[in-house]
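No value in this document is a laboratory result; all are computed from the given coordinates. This is a predicted model, so every value here is computed, not measured. Every residue, glycine as well, gets a Cβ built from its backbone with ideal geometry; the counts of neighbours run over all protein chains shown.
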Amino acid sequence: MTAPVWKPWCGLEALYLGRVIVGRVSISRNQKGDQASWIFNLAGCSAFWKTARTLEQAKAEVERSLAEWLEQAGLA
């Protein structure tokens, strides 16, 4: 299986597994500073944007969600 890779995508960063985007992260800059948001695409109809303090934390959540999904699917 191909290792997941972060790549730029439409102004965001996307986690690719092969050619499939499995999650995305975004930084929003506001008056209080930066705040990251993330979404795990493989969550299906329950997928929604969640917030994190930093871009690194958001990426870690997407990667954790992917590892959990792969394990539940019997692929890890």
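Can you report the number of residues in the stretch 2-20 which are touching a residue at least 24 places away in the same chain (Cβ under 8 Å) and buried (at least 16 other Cβ atoms within 10 Å of the Cβ)?
4
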Test: residue in the stretch 30-51 that is in contact with a strand residue (DSSP E or B) (Cβ under 6 Å, 6 or more places away or on another chain), assigned to a loop (DSSP other than H, G, I, E, B) and loosely packed, with under 13 Cβ neighbours inside 10 Å: yes
Scope the stretch 44-74; condition small (Gly, Ala, Ser) and under 22 Å from Pro8 (Cβ atoms); matching residues: Ala47, Ala52, Ala58, Ala60, Ser65
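Out of Leu75, Leu55, Leu17, Leu70, I need the residue that is of a type outside the set (Lys, Arg) and in contact with a strand residue (DSSP E or B) (Cβ under 7 Å, 6 or more places away or on another chain). Which one?
Working: Leu75 fails: in contact with a strand residue (DSSP E or B) (Cβ under 7 Å, 6 or more places away or on another chain); Leu17 fails: in contact with a strand residue (DSSP E or B) (Cβ under 7 Å, 6 or more places away or on another chain); Leu70 fails: in contact with a strand residue (DSSP E or B) (Cβ under 7 Å, 6 or more places away or on another chain).
Result: Leu55 is the single residue among Leu75, Leu55, Leu17, Leu70 that is of a type outside the set (Lys, Arg) and in contact with a strand residue (DSSP E or B) (Cβ under 7 Å, 6 or more places away or on another chain).
Confirm whether Ala60 is hydrophobic (A, V, I, L, M, F, W, C), surrounded by 14 or more Cβ atoms within 10 Å (Cβ to Cβ) and part of a helix (DSSP H, G or I). Lay out the reasoning, then the answer.
Values: hydrophobic (A, V, I, L, M, F, W, C): yes; surrounded by 14 or more Cβ atoms within 10 Å (Cβ to Cβ): yes; part of a helix (DSSP H, G or I): yes.
Yes; evaluated as a whole, the condition is true for this residue.
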